[in-house]
1. Which label belongs to the value computed from this structure, given these candidates for P(r) over Cα pairs in 20 Å bins from 0, in percent: (i) 27, 37, 26, 10, 0; (ii) 30, 49, 19, 2, 0; (iii) 25, 44, 28, 4, 0?
2. For the pair T277 and L58, what calculated FRET efficiency results from E = 1/(1 + (r/R0)^6), where r is the Cβ-Cβ distance and R0 = 25 Å, to the nearest 0.05?
3. On a full-extension model of 0.36 nm per residue, what is the gain between D167 and Q144, subtracting their alpha-carbon distance, rounded to one decimal in nm?
4. Excluding same-chain residues fewer than 8 positions from K286, which lysines have a Cα within less than 19 Å of its Cα?
5. With n ≥ 4 as the cut-off for DSSP H runs, can you work out [θ] at 222 nm for the chain, using -39500 (n - 2.57) per run divided by the number of residues, rounded to the nearest 500?
6. Taking a label point 7 Å from the Cα of D177 along the Cα→Cβ vector, which residues of region 145-160 have an amide N closer than 19 Å to it?
7. Hey, fewest Cβ within 10 Å first, where do C115, C195 land in order?
8. Quick one: dipole size for the chain, taken about the Cα centre, charges +1 on Lys/Arg Cβ and -1 on Asp/Glu Cβ, in debye to the nearest 20.
Amino acid sequence: MSTKIFNGYSLEFPATTPIYEIDRWAQVLRARISNVEKYLRAKLFADTAVTLIDRIVLLNDPKRLLPIVNGMTDEKATTLSDHQNPYMVAFEHISTREKKIRVTQERDPLYDFECNAQILHVPGRNLLLAMLFTEQEAYRTIWQRMPGVHEYAYWNNTDAPSYLTEDQWERRERDWDKALGREGIPVLRGFNIECHHVYGHPTMEQIIQSMPAFRSRVRERSEDNLFHEWLNGRGLTASYYFELYSEYKRWRRTTEGRLAAVRMRHEIAGHLPKEITKEMLLTSVKELFERFHEQPAEAS
């Protein structure tokens, strides 16, 4: 068997442990992951909505407002409807990306909050193994800190880790081959623990509490704008994106690039609102654009 179990663990539970004890342990795991999931979802929601608001503030061409919203919602609308406020755009954007994950099974760490563990018995041994499936490093950290969880990975394409003897490494190989059986498919063996159970979207209060700091927003918008400013006239295409981006990063490290970044951050900081409010999240994107680009009345 071509065995590569990078996400493998052993559990201190004996194979004869009553299922209710494992269930009690799993309930603690779910509660801890659920709390982190709520935080991650609120942060994603806040970042998405704030990105749209900041782009509206920095927009200098009203004709680009519709493409920006369509790009975030994956729609091809020809007009902006009044219900499209930053909150709803973020809702549609995140929902669309999560639906795509469920349909295509293509993993996307930014939007993929699923997490489950497959518990496997090693025939002939009083040993339980486990495989954790998640795209979230925060979940993996929680799992690794759970009582009784120990690293038990195995692979046969490179050398064993230096902290294991050859006998210990071969023992892992035999254990995983037995646990996975002839098919080698985890879901056909043992039982599954679904580790997350947060559905829907965060509350407005959670979103407001998760807003990115002003300095962080200035830094991110400045880098975006500076990159596009630098690209102007260079004819960016998908096939040359990484080559051009690498060239841009080299330029950013030059004196000219560093001075341009300072200038851009100063300009951006003078335009972005210091605080993003609930009222902004619920105001239509059309009204937000008009508000931030309202021409001051001339003195009589």
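1. Evaluating P(r) over Cα pairs in 20 Å bins from 0, in percent on these atoms matches (iii).
2. Numbers: r = 18 Å, r/R0 = 0.72.
FRET efficiency, L58 to T277: 0.85.
3. 5.8 nm
4. K63, K76, K278
5. Working: 11 runs with 154 residues, N = 300.
Computed ellipticity for the chain at 222 nm equals -16500 deg cm²/dmol.
6. It comes to 152-160, nothing else.
7. Details: C115 26, C195 22.
The most exposed by this proxy come first: C195, C115.
8. Value, rounded to 20: 300 debye.
Just so you know, all these numbers are worked out from the coordinates, no wet-lab data involved. Keep in mind it's a predicted model, so treat the numbers as computed, not measured. Backbone-built Cβ (ideal geometry, glycine too); neighbour counts: all protein chains shown.
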